[in-house]
Amino acid sequence: MQLGENSGGTLTNMAKQNLHSVALPAIIDLDSIDGIRDQLIDALEEGPVTVQAAAVERVSTNALLLLISAAETARRHHFEFSIEAPSAAMGAAIERLGLTARFSGMMKQ
């Protein structure tokens, strides 16, 4: 049976996966995005991911698109993906770029 395959109404192996946390830095720009991408790739290979976003003061459009892509990868692998305690600056950037609908399901206050 494959990971996430249905077994009589429940998903298998989902509860056995450890939650991985990725903390975002205060400034997420082109200089920091490669490191964040690598952390997300490593975490998503292992299971569900929580992104800690409280410290974010400035975020680039590319970084937000990276988070959307990571969430889609998690969905395809049947893993949870959430963004915990997004800062006001991050929320404002998401709203300003018209990405609120894309982030609504993954944002946790």
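The values are calculated or read from the model by the stated rules, or taken from the named source; none is laboratory data. Remember, predicted model here, so these are calculated numbers, not experimental data. All Cβ positions, even for glycine, are placed from backbone atoms using ideal geometry, and neighbour counts span all protein chains on display.
The residue that is nearest to LEU19 (Cα to Cα), counting only those in region 39-52 that are surrounded by 15 or more Cβ atoms within 10 Å (Cβ to Cβ) and of a type in the set (A, V, I, L, M, F, W, C), is VAL49.
So which residues in region 79-109 are among the hydroxyl-bearing types (Ser, Thr, Tyr) and at pLDDT 95 or above? First the steps, then the outcome.
Keep residues of region 79-109 that are among the hydroxyl-bearing types (Ser, Thr, Tyr), which gives 82, 87, 100, 104.
Listed by number, the residues that qualify are SER82, SER87, THR100.
Just checking, which of ALA93, ALA23, ALA55 is buried (at least 16 other Cβ atoms within 10 Å of the Cβ) and either of a type in the set (S, T, N, Q) or at negative phi (or both)?
Details: ALA23 fails: buried (at least 16 other Cβ atoms within 10 Å of the Cβ); ALA55 fails: buried (at least 16 other Cβ atoms within 10 Å of the Cβ).
Every option except ALA93 fails the conditions.
When residues in region 42-98 are screened for being more than 18 Å from GLN109 (Cα to Cα), among the hydrophobic types (A, V, I, L, M, F, W, C), part of a helix (DSSP H, G or I) and touching a helix residue (DSSP H, G or I) at 6+ places or on another chain (Cβ under 8 Å), 5 of them pass. Just to verify a result, which residue in region 1-41, among those that are in a loop (DSSP other than H, G, I, E, B) and among the aliphatic types (A, V, I, L, M), is modelled with the lowest pLDDT? Result: MET1. Figure legend. Inter-residue proximity from region 48-60: first residues charged (D, E, K, R), second residues part of a strand (DSSP E or B) and surrounded by fewer than 19 Cβ atoms within 10 Å (Cβ to Cβ), beta-carbon distance below 6 Å, spacing 6+ or different chains. Indicated pairs: ARG58/ILE27.
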